[in-house]
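Worksheet for the structure shown next.
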Amino acid sequence: MSISDISTFFCPTRIYMGAGSHEKIAGIVRERGCRRVFIAVDAALLGSDFYGRVAARLEREGVAIATYSDIEPDPSANTVARALDICRAHEATVIIAIGGGSTIDVAKAVGIVLANGGRIHDYEGIEKFSIAPPPLIAIPTTAGTGSEVSGSCVITDTEKNLKMSIRHAALNPAAFAILDPLALRTVPGHVAAHSGIDAFVHAFESYISRQSNLITDAINLQAIELIAANIRQFVADRENLEAATNMLCGSALAGITFGQTGLGNVHCMARFVGAEFHLSHGLSNALCLPTVARFNLIANPAKYARVAAAMGRPVQGLPVLDAARMAVEAIEALCADLGIPRRLRDAGVTEDKLEGMAQLCVEANYNRWNPRKTTLADFRSLFQEAF
């Protein structure tokens, strides 16, 4: 054994979960002597009952609020700069994010620049800042990205037309994550499906990653089990608070792990599908998932067999390969039940872009994490099969 064989695990976020857990905000700001907060919030939530409850709770504590809600999908550095101006002018000492991954990422980016100066561009990469941002309280309103507990945020550089990944395992996760199913009640069904598949892919790809370890394996299997057992019920009825809580917890568990293990070919391919055809990250993942799952199976059949069991398939007593194939069948059934288009072409992807996306996948070098070595010819075949 060498020093390179040593694995690590770390999670700096305190998590509150369950219906009504948003009430914990009052105690958090009180303990920090906070009188002024900045809230990044999805515009669609501003008039919602849930946002009203949060704002009222803060106001009862005598806390002054400044908000920013003009946040687009794949938020830009310009959005971060505008939000930062409001946060700085308000002299906020705590930041709150109420929304999906984009909103939480903007809140993270605001905190980074507020504490460290410069522009968010200065911090692209791994551990490029050293001063801790103000405490962030993240309340996800989708069960998908796990941004509330992950060590990364993704911001679009519109000048260069590329996405910047800002990563810091210790300083970028939210200080507090509030997993309240009441925040998910207004999520549209298709968003619930696509974001839920995103959470599943985080857990699945993290589990089979080359960089996985015993702790991440245990967490990811629990995440897979929670998501597979609850996503259908949650998509069917966002008022199902038990299913919503389980989805939020599954999403957060996967969010804790994937930044430490890396992800695989599903995310690699989806990254370029989404950018080229302006599809949501969750839908892009869902479109690529079954094809990549079949491709990667031979690299680790034993883990696939455990995935099948976690997804509720009757694998006891089966040969490992037969059990592994049941994981792929379960994934295909899940996508079908959630109404995911069967092929890339069904979502508007055109064949003329496949070669270019295959080239980009090779350059992205997800072979660091994906369990099966993948060449340019492999990516060509994967895109063609998914098409």
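Among the residues making up the range 367-387, those that are of a type outside the set (D, E), closer than 17 Å to R294 by Cβ and outside any loop (DSSP other than H, G, I, E, B) are A377, F379, R380, S381, L382, F383, Q384, A386.
Can you tell me which residue is most open to solvent (accessible area, probe 1.4 Å) among those in the range 127-161 that are part of a loop (DSSP other than H, G, I, E, B) and in contact with a strand residue (DSSP E or B) (Cβ under 6 Å, 6 or more places away or on another chain)?
Taking the range 127-161 as the starting set, the residues that turn out to be part of a loop (DSSP other than H, G, I, E, B) are 127-135, 141-151, 158-161.
From the residues that got through so far, the ones that are in contact with a strand residue (DSSP E or B) (Cβ under 6 Å, 6 or more places away or on another chain) too are 134-135, 141, 148-149, 151, 158.
Details: P134: 30, P135: 40, T141: 7, E148: 3, V149: 7, G151: 20, T158: 79 Å².
Checked the range 127-161; the qualifying residue most open to solvent (accessible area, probe 1.4 Å) is T158.
For the range 76-126, residues that are open to solvent by less than 30 Å² (accessible area, probe 1.4 Å) and within 19 Å of T156 (Cα to Cα) total 25.
Could you pull out the residue among L182, L248 that is among the aliphatic types (A, V, I, L, M), closer than 21 Å to V154 by Cα and either buried (at least 21 other Cβ atoms within 10 Å of the Cβ) or in contact with a Gly (Cβ under 8 Å, 6 or more places away or on another chain) (or both)?
Details: L182 fails: closer than 21 Å to V154 by Cα.
So the residue among L182, L248 that is among the aliphatic types (A, V, I, L, M), closer than 21 Å to V154 by Cα and either buried (at least 21 other Cβ atoms within 10 Å of the Cβ) or in contact with a Gly (Cβ under 8 Å, 6 or more places away or on another chain) (or both) is L248.
Among residues of the range 164-180 that are within 16 Å of G111 (Cβ to Cβ) and at pLDDT 90 or above, those with a Cβ under 7 angstrom from a residue that is open to solvent by 20 Å² or more (accessible area, probe 1.4 Å) and of a type in the set (D, E), sequence gap 6+ or separate chain, pair up as I166/E124; H168/E127.
So that you can scan it fast, the table gives a plain yes or no per residue for (1) in a loop (DSSP other than H, G, I, E, B); (2) in the same structural domain as K128 (by the TED database); (3) open to solvent by 10 Å² or more (accessible area, probe 1.4 Å); (4) at positive phi:
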residue: I166; (1), (2), (3), (4): no, yes, no, no
residue: A169; (1), (2), (3), (4): yes, yes, yes, no
residue: H194; (1), (2), (3), (4): no, no, yes, no
residue: Y207; (1), (2), (3), (4): no, no, no, no
residue: R210; (1), (2), (3), (4): yes, no, yes, no
residue: D217; (1), (2), (3), (4): no, no, yes, no
residue: N230; (1), (2), (3), (4): no, no, yes, no
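Picking from residues in the range 333-365 that are among the charged types (D, E, K, R) and assigned to a helix (DSSP H, G or I), the one that is surrounded by the most Cβ atoms within 10 Å (Cβ to Cβ) is K353. Test R14 against the criterion of being modelled with pLDDT of 90 or more, among the basic types (K, R), under 30 Å from E124 (Cβ atoms) and surrounded by fewer than 16 Cβ atoms within 10 Å (Cβ to Cβ), and give yes or no. Yes, satisfied.
The values are calculated or read from the model by the stated rules, or taken from the named source; none is laboratory data. Just so it is clear, the structure is predicted and the values come from calculations on it, not from any experiment. Glycine also receives a Cβ, built like all others from the backbone with ideal geometry; neighbour counts cover every protein chain displayed. The area values use the complete protein model at the heavy-atom level, side chains included, leaving out ligands, DNA and RNA. Shrake-Rupley method; radii C 1.70, N 1.55, O 1.52, S 1.80 Å.
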